[in-house]
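Okay, so here's the structure we're looking at.
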Amino acid sequence: MKEKLEALKQKALSDLETVKDAAALEQLRVAYLGKKSELASILKGMASLSPEERPVIGQLGNSVRSAIEQAFEKAKANVSKLETEKKINSEKLDVTLPSKLISMGSLHPLTKIQSQMEDIFLGMGFTIAEGPEVETDYYNFTALNTPEFHPARDVQDTFYITDKVLLRSQTSTVQVHVMEQNEPPIRIISPGRVYRSDAVDATHSPMFHQCEGLVVDKGITMADLKGTLETFAKAMFGGKTELRFRPHHFPFTEPSCEVDVSCFVCGGCGCSVCKGEGWIEILGAGMVHPNVLRMSGIDPEVYSGFAFGMGIERIVMTKYGISDMRLLYENDVRFLRQF
Ligand code: PHE
């Protein structure tokens, strides 16, 4: 029995020393240390030994078992090292390979131009104000000095929800909210959606975007309006841009004007972008009408102000040379991807 145990130990140790992979190692574990292993059956046979022999063989059996167990642990560590090496050698990582393309979205051109506008005015000390898109006729018309019989109140131009509630047709509504809630000095812009019951075509949409501007303080004059708009236009369209102020009429400003910028494509000689005019109309503006100030609780004897409102689509379309407004709302990625 002694010889048998010794031989078993020698064989197990030499097998474990040369084992190279996890599957073979597992086979060895079952063969040498498992319940049905030779060692187990030898130890079982100890019952038939004499009382003198039994402890001697028992001790030897235990030392053989622990020698095999130790050799097994060593083999296990070795096999795992070999397997890692094998894996490293087979899985070469080429860090110079081009990566998978992650397709990034892009900002909608309207969003892009709007945030450029915001940046420019924030830089001049304006803050951004917001107002509701569902309004009462008071904010859309009455408080903006637009009399009952004015054609802009017509159902043909404005979406009415009830007699008194409507979808705002201009961002000028925000002027009133801001003046009601704040004391001068006031210096805000307010970009947002407006609605008019126009049929859809290349230059009309029942929903479009405007950006309102309002400044109210002591001693504000038309010169401030001019300087502000000139700074904006040069930042938006380029340093050589010139402005042209044409007299106009709005119920809520007096005097009122429409403002054109010199064509940033041809510089004023006439091209397809400015339709041969040399000028591109971008906004309506004027000095806030004293009635408008008064109705919102600001004393026109103490304060004066200017306001302007521009169409964002118009600026996007001229800047990017887009001839059909519908492209801006169709969400065709082939179009949107270009910005
Ligand atoms: N609300 C005017 C429009 O929609 C634009 C405007 C705003 C004009 C502010 C003057 C002052 O046409």
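We did not get these values from a lab; they are worked out from the coordinates using the rules stated. Keep in mind that this is a model prediction, so the values were computed, not measured. Neighbour counts are summed over all protein chains in view; Cβ atoms, including those assigned to glycine, are modelled from backbone coordinates with ideal geometry.
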Using +1 on the beta carbon of Lys and Arg, -1 on that of Asp and Glu, and nothing else charged, what's the dipole of the chain about the Cα centre, debye to 20? 2320 debye
Using Cβ counts within 10 Å as a stand-in for footprinting exposure, how do Ser190, Ser90 rank, fewest first? Ser90, Ser190
Provide the gained length on full extension for the span Thr18 to Ser41, in nm with one decimal, where the gain is 0.36 nm per separating residue minus the Cα-Cα distance. 5.8 nm
So how do Leu16, Leu107 line up by other beta-carbon neighbours within 10 Å, fewest first? Leu107, Leu16
Given the Cα-Cα distance of Ser80 and Cys271 and 0.36 nm per residue of separation, how much length would full extension add, in nm? 61.2 nm
Just in region 290-339: which trypsin sites (Lys or Arg not before Pro) are loop by DSSP and have at most 16 other Cβ atoms within 10 Å? Arg337
Which of rounded, prolate, oblate describes region 160-289, given a ≥ b ≥ c as roots of the alpha-carbon gyration tensor eigenvalues and a/c under 1.5 marking rounded, otherwise prolate only if a/b is larger than b/c? oblate
Over 24 Å between alpha carbons, listed pairs Lys234/Lys319; Lys112/Lys164; Lys44/Lys76; Lys112/Lys218: Lys112/Lys164; Lys44/Lys76; Lys112/Lys218
What percent antiparallel are the DSSP beta bridges of the chain, to the nearest 5? 95 percent
Rounded, prolate or oblate: pick one for the chain, where a ≥ b ≥ c are the square roots of the eigenvalues of its C-alpha gyration tensor, a/c under 1.5 means rounded, and failing that, prolate if a/b is larger than b/c, else oblate. prolate
Please work out the C-alpha center-to-center distance from region 256-335 to region 107-170 and express it in whole Å. 14 Å
Can you give the local net charge around Asp137? Use residues other than it whose beta-carbon is closer than 9 angstrom to its beta-carbon, Lys and Arg +1, Asp and Glu -1. 0
Can you list the lysines whose alpha carbon sits under 24 Å from that of Lys74, skipping same-chain ones fewer than 8 residues off? Lys4, Lys9, Lys11, Lys20, Lys35, Lys36, Lys86, Lys87
Is there a quick way to get the dipole size of region 122-273? I mean about its Cα centre, with the Cβ of Lys and Arg at +1 and of Asp and Glu at -1; what is the value in debye to the nearest 20? 500 debye
The chain: longest segment with zero exposed GluC sites (Glu not before Pro), where exposed means DSSP loop plus at most 11 other C-beta atoms within 10 Å, is residues 149-300
